[in-house]
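Structure first, then comments.
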Amino acid sequence: MEEVHSKVLIKRPTFTTLGNCHAVFINNKLVLLIGPHWPFMFCVIPMIIAVLVGYLTLIAEHMEVVWQFGGVCIILLALVSYSTTALKDPGVVLSDSTNDLDEDTTGSTSLCRHCLIFKDNETEHCEDCGLCMRGLDHHCIFTGKCIAEKNIFCFYTMLTSIFGFFIYTMLFLSEKFE
C-alpha cells in the first residue's frame, strides 16, 4: 500500500534477496544490505559495547569528566561507524537491461558470468556476497559483507576510531602509572 504525504509518494519497504545477501528497497532504492556473514554482527557489536562498559567502569572513573566524555565519544563513533558499514549498501551494481546493452558497445565493459550484467573496470564480483560491487576493496567477515565504494569511508572511520581509542587509553594509562 502506498501513502501520499505532501506530494511525496512513499512506498512500503520491499524485502528481497540479492545474491547471498538480504536487501531492503524503499522507492526502488537499495537502502539496507545485510551480507551473508551477518551473524558476526552479533559478536562484534557486543564486543564494542563491552569495551564501552569496561571503559566506564574501570578507566573512566580515574579521569576528568572532559576526558571521560572524549573516550565515550570515540567508542560510540566506532559503534555507529561499524553499524553503518555493516548495514549500508556497499555499492551493489544492479542490472539495468537497457543500459547494459548500450554500455557493451564501448568495449570497456565485460559481462559478469554470475550476475549476467555488464560491468566496468571499477566493478568486481564478490563470490561471498554473490553480487557485483563498484569499487570493491575486500569482503570483510567482521562486517558480514563487502567493503566497497559506498561504505569504505565508514569502514575507515571505524578502524580509525578503534585505533584512536587504543592510543587514547594507552596514553592515559602510561601517565597514570608513571
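The values are calculated or read from the model by the stated rules, or taken from the named source; none is laboratory data. What you are looking at is a predicted structure, and each value in this text was computed from that prediction instead of being measured. Cβ placement follows ideal geometry from the backbone for every residue including glycine, while neighbour counts extend to all protein chains displayed.
Kindly indicate the residue of region 50-66 that is aliphatic (A, V, I, L, M) and over 13 Å from Leu173 (Cα atoms) and also farthest from the chain's Cα centre (by Cα) among those meeting that condition. My answer is Val65. How do the pairs read when you match residues in region 104-119 that are closer than 17 Å to Gly135 by Cα with residues anywhere that are among the acidic types (Asp, Glu) and at pLDDT below 65, using Cβ under 7 Å and keeping only pairs 6 or more apart or on different chains? Final answer for the pair search is Thr109/Glu103; Ile117/Asp100; Phe118/Asp100; Phe118/Glu103; Phe118/Asp104.
Considering Gly71, Gly54, which residue is surrounded by 12 or more Cβ atoms within 10 Å (Cβ to Cβ), of a type outside the set (Ser, Thr, Tyr) and free of Cβ contacts under 8 Å to residues at least 12 places away in the same chain? Walk me through it before giving the result.
Details: Gly71 fails: free of Cβ contacts under 8 Å to residues at least 12 places away in the same chain.
Exactly one residue qualifies, and that residue is Gly54.
Do you know which residues across region 3-21 are of a type outside the set (Asp, Glu) and modelled with pLDDT under 90?
Taking region 3-21 first, the residues of a type outside the set (Asp, Glu) are 4-21.
Result: Val4, His5, Ser6, Lys7, Val8, Leu9, Ile10, Lys11, Arg12, Pro13.
Each residue in region 125-151 was checked for being outside any loop (DSSP other than H, G, I, E, B) and either surrounded by 17 or more Cβ atoms within 10 Å (Cβ to Cβ) or among the aromatic types (Phe, Trp, Tyr) (or both), and 10 pass. Screening Ser83 on (1) in contact with a Phe, Trp or Tyr (Cβ under 6 Å, 6 or more places away or on another chain); (2) small (Gly, Ala, Ser); (3) modelled with pLDDT of 95 or more shows it passes everything except condition (1). If you check Cys154 against the conditions, is it touching a Pro at 6+ places or on another chain (Cβ under 6 Å), closer than 18 Å to Trp38 by Cα and either of a type in the set (Phe, Trp, Tyr) or not in a loop (DSSP other than H, G, I, E, B) (or both)? Judged against the criteria, Cys154 is not a match.
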